[in-house]
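J.: The structure follows.
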Amino acid sequence: MKKATRLEKILVRLEEFYGAQQPRGPTDVYEMLLYRNAGYPPSDERCAKGFEALMEKIGLRPKEILRAPDKQLAEVMKSGGMIPELRAKRMKEIADIVLREYDGDLHILLQQPVLEAQKALKKFPTISDACAERILLFTRTAAVVALPSNCIRVPLRLGYGTERQNWLANYREARAAVCAELQEDGNEYRRTYMLLKRHGDELCKAVRPRCLKCPIAAECTYYKKLQERS
Ligand code: SF4
């Protein structure tokens, strides 16, 4: 049997601590695009609130979104936080592309080769490479490694990549390092994403991480450095 990698052992510890994770938010491609744009700043909590308000008060179908008066849509988007007018505009943009280019069915987009699908996803507002990878992974379109873009500090602190000033360089380096220690398997990639995200949200915060409660502190490069300094 193949020996578990360091990352696999870390994931086991995180799973023992937090339990098995389920995706937060939708896993349908069109709904993921709406959800991503439903909150700002885009935390799960704000996106969920904006998305639920949209579903209840306007409806999610492209025609329903396009039919809604701009003012009403912006009012609904206030549930998801700041810049509601801009997010309302983005909702219409998404609905418009889906109707015009995909005849209302975005699943066609996912039937293309992976790189083409990723390129097509990036035509939608706010969808970066990292977001597109997450959509491909969680819609089960392709087994591509995706990391939680707002918790990239977690793998970096564990020693997967070196932290720099440039977010994209951090993401790419951490992604490559994580990828090297995982089996090529979509379920494993989803599990990794969700556990790293949960840890970043709960304990490994950007400011003042709660290292004394952390189940993987013994593996953490950042924590070791903190101890050496004190
Ligand atoms: S020890 Fe601290 S910095 Fe390291 S992973 Fe745990 S919470 Fe994050």
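What follows is calculated from the coordinates using simple rules that are stated; it is not laboratory data. If you're wondering where the values come from, they're calculated on a predicted model, not measured in any experiment. Methodologically, a virtual Cβ is constructed for each residue, glycine included, from the backbone with ideal geometry; neighbour enumeration extends over all protein chains shown.
J.: Among ARG24, ARG36, ARG153, whose mean-square fluctuation peaks in a Gaussian network model of the chain (Cα, cutoff 10 Å)?
T.: ARG24
J.: Spin-label point model (7 Å from Cα, Cβ direction): what's the TRP167 to LYS213 distance in nm?
T.: Modelled inter-label distance: 2.6 nm.
J.: Along region 104-114, what does the Karplus equation 6.51 cos²θ - 1.76 cosθ + 1.60 (θ = phi - 60°) give for ³J(HN,Hα), rounded to whole Hz, x for Gly and Pro?
T.: x, 10, 6, 5, 4, 4, 6, 7, 7, x, 3
J.: Enumerate the amide H contacts of GLY81 below 5 Å, restricted to partners 5 or more residues apart or on another chain; note that Pro and chain-start residues carry no placed amide H.
T.: For GLY81, whose amide H was placed from the backbone, the distant partners under 5 Å are TYR40.
J.: Quick check: residue separation of LEU86 and THR5 times 0.36 nm, minus the Cα distance between them. What number comes out in nm?
T.: Working: separation 81, 0.36 × 81 = 29.16 nm, distance 4.43 nm.
Length gained, LEU86 through THR5: 24.7 nm.
J.: Could you tell me the convex hull volume per residue, in Å³, taken over the Cα atoms of the chain?
T.: Looking at the chain, the number lands at 131 Å³ per residue.
J.: With each label point set 7 Å from Cα along the Cα-Cβ vector, what nm distance links SER149 and ASP103?
T.: The answer from the label model is 3.1 nm.
J.: Can you tell me the dipole magnitude for region 134-217 around its Cα centre, using point charges on the Cβ only (Lys, Arg +1; Asp, Glu -1), in Debye to the nearest 20? Please list the in-between numbers first.
T.: Values: 15 positive and 8 negative charges, 82 e Å.
For this selection, approximately 400 debye.
J.: With a cap of 10 neighbouring Cβ atoms within 10 Å, and only residues DSSP puts in a loop, list the chymotrypsin sites (Phe, Trp or Tyr not before Pro) found in region 19-82. Mind dumping the intermediate values first?
T.: Numbers: sites: TYR30, TYR35, PHE51; in loops: none.
Here no loop site has a sparse enough neighbourhood.
J.: So, with +1 on the Cβ of K and R and -1 on the Cβ of D and E, and no other charges, what is the size of the charge dipole of the chain about its Cα centre, to the nearest 20 debye?
T.: 800 debye
J.: In whole Å, what three semi-axes, largest first, describe the equivalent ellipsoid of region 29-138 built from its Cα gyration tensor (square root of 5 times each eigenvalue)?
T.: 23, 16, 10
J.: Then there is this: Hand me the GluC sites (Glu not before Pro) from region 133-212 located in a DSSP loop with no more than 12 other Cβ atoms within 10 Å, in residue order please.
T.: Values: sites: GLU133, GLU163, GLU173, GLU181, GLU184, GLU188, GLU202; in loops: GLU163, GLU181, GLU184.
In loop regions of region 133-212 (DSSP not H, G, I, E or B), the sparsely surrounded GluC sites (Glu not before Pro) are GLU184.
J.: When the chain is modelled as a GNM with alpha-carbon springs shorter than 10 Å, which of ALA88, ALA20, ALA38 fluctuates the most?
T.: ALA20
J.: With a point put 7 Å past each Cα toward its Cβ, work out how far GLU75 is from LYS225 in nm, to one decimal.
T.: Here the modelled spin labels are 5.1 nm apart.
J.: Right, here's the next one. Can you compute the charge dipole magnitude of region 29-138 about its Cα centre, using +1 on each Lys and Arg Cβ and -1 on each Asp and Glu Cβ, nothing else charged? Give it in debye, rounded to the nearest 20.
T.: 280 debye
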